[in-house]
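The values are calculated or read from the model by the stated rules, or taken from the named source; none is laboratory data. Just so it is clear, the model here is predicted, and its values are computed rather than measured. Cβ placement follows ideal geometry from the backbone for every residue including glycine, while neighbour counts extend to all protein chains displayed. Please note that ligands, DNA and RNA were not included when accessible areas were found on the heavy atoms of the full protein model with its side chains. Shrake-Rupley method; radii C 1.70, N 1.55, O 1.52, S 1.80 Å.
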Amino acid sequence: METKMIDFQKHGDDRGMLIALETTKEVPFEIKRVYYMYDTKPGVRRGFHAHKKLNQILICTSGSCMIHLDNGKETVEVPLNRPDRGLCISSAIWREMYNFSPDAVLMVLASELYDESDYIRDYDKFIEYVNGKKE
Ligand code: T46
C-alpha cells in the first residue's frame, strides 16, 4: 500500500506543544494547498474517490476519525487520532473517511491546487485505472 504514517517532531515545553511542518522536511512534497474538515455530522462517510496525481498528508489535529484505503488489491483501515502524526497517501489510492468524533478536525496538506479533473469518483473506473487502462 502506497501509504505511510509519519510521526512529527514535537516541540514541547511548559507552555504546551507545537508542531512545525515544512515543505521537503517533514512533508515530502511542496505544499500547494491546505484544507480541513470539521463539524462532520454523525454517521457521515465521505471521500469515495482516488486521485490521478495528488499526494496528500492527512492529520487529525483534534478528535479522531477512521480512513479506509484501497489500492485496488488490498484495503486497510487506519485510525487517525493524534495531532503529531500524519498519514501520507499517494495518488491512485481510493479513500473514504468515517467515524468522525464530534470534535474531529481533519487537516490535509496537498501537493497540488484543487483540480476536479484529478478525481476518479467511480470505483469501477478506479480499478481500470490502477490496472493500467485509460479512463
Ligand atoms: C481528499 C479527501 C481526504 C474546494 O473547493 N477546494 C478544495 O481544495 C477541496 C478539497 C474541496 N473543495 C470543494 C469541492 C466540494 O464542493 O469542497 C466541497 C467538498 O469537497 P469533497 O466532496 O471533494 O470532499 P471529500 O471529503 O469527499 O474529499 C476531500 C478532498 O476533496 C479529497 O481530495 O482526498 O478530502
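Taking the mean number of other Cβ atoms within 10 Å as a proxy for protection, how do you rank 55-62, 98-105, 115-122 from highest to lowest?
Values: 55-62: 20.9, 98-105: 16.4, 115-122: 12.2.
Going by the mean number of other Cβ atoms within 10 Å, highest first, we get 55-62, 98-105, 115-122.
Positive end of the dipole of the chain (Cβ unit charges, origin at the Cα centre): among LEU21, ILE57, TYR119, the Cα lying farthest that way belongs to TYR119. Evaluated at q = 0.18 Å⁻¹, a Debye calculation over the C-alpha positions of the chain (equal weights, vacuum) places log10 I(q)/I(0) at -1.05.
What the chain shows is 59 Å² of accessible area per residue, with the surface traced by a 1.4 Å probe over protein heavy atoms. Each semi-axis of the equivalent ellipsoid for segment 11-59 is √(5λ) with λ an eigenvalue of the Cα gyration tensor; in descending order they amount to 26, 20, 7 Å.
Let me have the 222 nm mean residue ellipticity of the chain computed from DSSP H runs of 4+ only, each contributing -39500 (n - 2.57), with the sum over all residues rounded to the nearest 500.
Details: 1 runs with 8 residues, N = 135.
Value at 222 nm, helices only, nearest 500: -1500 deg cm²/dmol.
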